[in-house]
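These notes concern the structure reproduced below.
The values are calculated or read from the model by the stated rules, or taken from the named source; none is laboratory data. Keep in mind that what you see is a predicted model, and the values were worked out from it rather than measured. Note that we place each Cβ from the backbone using ideal geometry, even for glycine, and neighbour counts take in every protein chain shown. The protein model used for the area step is the full one, side chains on, heavy atoms only, and it has no ligands, DNA or RNA in it. Shrake-Rupley method; radii C 1.70, N 1.55, O 1.52, S 1.80 Å.
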Amino acid sequence: EAGVAQSPRYKIIEKRQSVAFWCNPISGHATLYWYQQILGQGPKLLIQFQNNGVVDDSQLPKDRFSAERLKGVDSTLKIQPAKLEDSAVYLCASSPAAGYSETQYFGPGTRLLVL
Amino acid sequence: SQKIEQNSEALNIQEGKTATLTCNYTNYSPAYLQWYRQDPGRGPVFLLLIRENEKEKRKERLKVTFDTTLKQSLFHITASQPADSATYLCALDMYEGGKLIFGQGTELSVKP
């Protein structure tokens, strides 16, 4: 079974530029998550999708971050404009369903550096 | 305020010993607690899940305890090996929609 795929793996941009990340979850997984992991910290949930609907985006900085999951499969996360403090690893995860006790399967992450 | 805290210092132990990692939380009421392993440059990998009404869970050399009165989970790796060296994350598994709230992680180093 193929795992969660993410691209690109690394990205370096100047502040105020825009950037987009892509995620392809495990086939058949209904729930998709985007996390931000700052160096030395645990992952912080940005947004959770159930199929193509948003379940939780309470910690997404909506003035600069946006995410979509068209057709309930792939997802993109965009930052526009980027700030220095956005430097982090952006992790995508998926799980078969929503609800507690579900194991989440993580991709390798995209490491973003904002200069 | 709500907090979840793991051992702040890195843990260095000798091969063959038991590693014990701590996860404490305040002002949360999780349904479950999960433990993940994260290697450098990789995403977290699920290890174990324990329910709020379970005291202990085991899987091979791993053991997790969960005390909802103390609001604490302990994660043990027995007969530790250098290959166990990684960062270990605890995550509170909340009733609302499966949201996970992660601690900051504890870096474990097992020396041969």
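Residue-by-condition table, conditions (1) within 11 Å of chain A (Cβ to nearest Cβ); (2) under 26 Å from A:Pro108 (Cβ atoms); (3) open to solvent by less than 30 Å² (accessible area, probe 1.4 Å); (4) without any contact (Cβ under 8 Å) to a residue 60 or more places away in the chain:
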position: B:Pro44; (1), (2), (3), (4): yes, yes, yes, yes
position: B:Leu48; (1), (2), (3), (4): yes, yes, yes, yes
position: B:Arg51; (1), (2), (3), (4): yes, no, no, yes
position: B:Glu54; (1), (2), (3), (4): no, no, no, yes
position: B:Lys63; (1), (2), (3), (4): no, no, no, yes
position: B:Asp67; (1), (2), (3), (4): no, no, no, yes
- Note on the structure: Within the stretch B:71-84, of all residues that are part of a loop (DSSP other than H, G, I, E, B) and open to solvent by 40 Å² or more (accessible area, probe 1.4 Å), the one farthest from B:Lys17 (Cα to Cα) is B:Lys71
- Query: Does the stretch A:54-73 contain any residue that is touching a residue at least 60 places away in the same chain (Cβ under 8 Å) and touching a Phe, Trp or Tyr at 6+ places or on another chain (Cβ under 8 Å)?
  - Reply: no
- Query: Tell me, which strands (runs of 3 or more DSSP E) lie completely within the stretch B:20-66 with 2 or more residues that are in contact with a strand residue (DSSP E or B) (Cβ under 6 Å, 6 or more places away or on another chain) and among the aliphatic types (A, V, I, L, M)?
  - Reply: B:45-51
- In the stretch A:45-78, which residue that is away from every other protein chain (no Cβ under 14 Å) and in a loop (DSSP other than H, G, I, E, B) is surrounded by the most Cβ atoms within 10 Å (Cβ to Cβ)? A:Arg69
- Give the residues of the stretch B:98-112 that are under 12 Å from the mean Cα position of the chain (by Cα) and assigned to a loop (DSSP other than H, G, I, E, B), sorted by residue number. B:Gly103, B:Gln104, B:Gly105
- Could you list all residues from the stretch B:87-105 that are open to solvent by 10 Å² or more (accessible area, probe 1.4 Å) and aliphatic (A, V, I, L, M)? B:Met94, B:Ile101
- Among all residue pairs at least 6 apart or on different chains, which show Cβ distances below 8 Å where the first residue, located in the stretch A:92-113, is over 16 Å from A:Trp22 (Cα atoms) and of a type in the set (D, E, K, R) and the second is open to solvent by less than 40 Å² (accessible area, probe 1.4 Å) and modelled with pLDDT under 90? A:Glu102/B:Gly98
- Message: Here is a check on your reading of the model: is B:Leu89 in contact with a Lys or Arg (Cβ under 7 Å, 6 or more places away or on another chain) and either farther than 25 Å from A:Ser95 by Cβ or within 14 Å of another protein chain (Cβ to nearest Cβ) (or both)?
- Response: no
- Message: Taking the criterion of being more than 21 Å from B:Leu89 (Cβ to Cβ), open to solvent by less than 10 Å² (accessible area, probe 1.4 Å) and in contact with a helix residue (DSSP H, G or I) (Cβ under 9 Å, 6 or more places away or on another chain), would at least one residue in the stretch A:82-104 satisfy it?
- Response: no
- Query: Before we move on, is B:Arg37 open to solvent by less than 80 Å² (accessible area, probe 1.4 Å), basic (Lys, Arg), touching a Phe, Trp or Tyr at 6+ places or on another chain (Cβ under 8 Å) and under 24 Å from A:Phe106 (Cβ atoms)?
  - Reply: yes
- First in the stretch B:1-25 and open to solvent by less than 30 Å² (accessible area, probe 1.4 Å), second anywhere and basic (Lys, Arg) and at pLDDT 95 or above, Cβ under 9 Å, 6 or more apart: B:Ile13/B:Lys111
- Residue match in the stretch A:86-99 (condition: more than 11 Å from chain B (Cβ to nearest Cβ), under 15 Å from the mean Cα position of the chain (by Cα) and part of a loop (DSSP other than H, G, I, E, B)): yes
